[in-house]
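Here's the structure, in C-alpha cells; my notes come after.
The values are calculated or read from the model by the stated rules, or taken from the named source; none is laboratory data. What you see is a predicted model, and the numbers here were worked out from it, not measured in a lab. Cβ placement follows ideal geometry from the backbone for every residue including glycine, while neighbour counts extend to all protein chains displayed.
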Amino acid sequence: MLKAVVCGARRARQGIGEYVCKYLHLAGVDICGVVSSSPQTKSITVEHLQNKYGIMCRGYIDLEQAIISEDPDIVVICTPFRTHGAMLKTVAKYNKHCLCDKPLLWDDVQDVEDILAGFSGKFVDTITQWPFTLENFFTLYPQVKEKPVETFSMLMCPISIGREMVLDAMPHVFSMLYSLVGKGDIKKTECLFSEKEKCLQLEFVYGHQYETKVKCTLIQLEEQPKPAKYTINNYEVSRHVEASNYQIYFWGNGRKIKVVDPLQSLIQNFIHNIRNSNLSDTTKLINNMQQLHCLYSIVQQEVPL
C-alpha cells in the first residue's frame, strides 16, 4: 500500500487539502501523517480527518520530521504557494513522489527546473484538475474534438483579489491550454481590472503550432458554490454544483450531465502514474510556470495588489 504525508490537510479558507486526503483515502492510499502550521491546528486536523473520513494518521509541524518518521512514498503540498519552494526542496531531498497545489513554485523559473531535476525517477505534478473535465465537454460537443482550438475562454472565481487572482486561477487555464494544444507562449496580452466589481479580464494569444485566442474572466464572488464555465471554439459548458452532496453537473448544448469531481480523477491519475512508474511531464510543469510568470509580470504593472 502506498503511504502519503499531506501538508495543509485542513480546509481553512477554502483549502483543498481535506478533499485531497479524502480522495487519496478512497484510492487506497494510507495517509500516515499530516503536517500543520501549529500544534493546535495539527490536533484539529488529525481529529477532523478521523471523525469525518475514518483516516487514522499522526500529526507533525515539521515536514522533514514527518518524512523521516513515516517514510512515505508520496508527499502532497496543499499549503499557501509561497511555502512551496522550501517544501519541494525537502521532498526532493528525500526523493519522494510529490503532488503540489498550484502554482507549483513562485520563485525564478530556473528554480523550478533545478528542483524538478532533483526528483530521481519520482512522479511530480500539480493540482490542476480542470483538464479532467475535457472528456465531459467532448461528450456534450463531440463535433469539437478533432477541430483546431481557435478560441478558448474561461470564467473562474478565485478567493484572492487584484493581481493575486492570476496566481490563484490562471494555472488552471494554462493546464487546459497545454492539454488541448501543448506547449506554447503567450503574446498580445491585454488586461482590464475593475476594483469596484472585483473583476479581472485577461485576453492574450497562446502561440503554439498555430494560435489560440484566449479570454479569461476572474471575479471574486461571495456565493457558494462558485460558478465556473469555459468555452472551446465558442461552445460553452457551465459547471453547477449541488451544495448538499457536492455532485457536479455540466450544462451545455441543451443537456445536463453528471461529472465526477475532477479532483478525484486527478488523484486517481496521479496514483496510476506512480504505480506504472511513469515519468513526470516536466515540459508541462516548466512551460506552465513560464507562462504564468510572463502573464503576472504584465498584470502587475497595471493591477493593484
Task: Residues of region 97-118 satisfying the condition of being in contact (Cβ under 8 Å) with a residue 60 or more places away in the chain and under 18 Å from V6 (Cβ atoms) - done: H97, L99, D101, K102, L104
- [ ] Can you give me the ranges of the strands (runs of 3 or more DSSP E) entirely in region 157-219 with at least 3 residues that are at pLDDT 95 or above and under 18 Å from the mean Cα position of the chain (by Cα)?
- [x] 211-219
Task: Residue that is surrounded by the most Cβ atoms within 10 Å (Cβ to Cβ), among those in region 150-172 that are closer than 12 Å to I232 by Cα and out of contact with any His (no Cβ under 9 Å at 6 or more places or on another chain) - done: F152
- [ ] Pick out the one residue from Q220, Q129 that is surrounded by fewer than 20 Cβ atoms within 10 Å (Cβ to Cβ), closer than 18 Å to L263 by Cα and touching a residue at least 60 places away in the same chain (Cβ under 8 Å).
- [x] Q129
- [ ] Give the residues of region 177-193 that are out of contact with any Leu (no Cβ under 8 Å at 6 or more places or on another chain) and either within 12 Å of N287 (Cα to Cα) or not charged (D, E, K, R) (or both), sorted by residue number.
- [x] L177, Y178, V181, G182, K183, D185
Open item on the list: Take the conditions over 14 Å from M154 (Cα atoms), in contact with a strand residue (DSSP E or B) (Cβ under 7 Å, 6 or more places away or on another chain), surrounded by 15 or more Cβ atoms within 10 Å (Cβ to Cβ) and not assigned by TED's automatic domain parsing to the domain that holds P142 and apply them to F193. Does it pass?
Closed with: no
Open item on the list: If the requirement is being in the same structural domain as A66 (by TED's automatic domain parsing), assigned to a loop (DSSP other than H, G, I, E, B), crowded, with 20+ Cβ neighbours inside 10 Å and under 19 Å from the mean Cα position of the chain (by Cα), which of these qualifies: L99, L105?
Closed with: L105
Open item on the list: Among (1) crowded, with 18+ Cβ neighbours inside 10 Å; (2) outside any strand (DSSP E or B), there is one condition S43 misses while meeting the rest; what is its number?
Closed with: (1)
Open item on the list: For region 231-240, check the following and say yes or no: at least one residue is more than 19 Å from the chain's Cα centre (by Cα), crowded, with 16+ Cβ neighbours inside 10 Å, modelled with pLDDT of 95 or more and aromatic (F, W, Y).
Closed with: yes
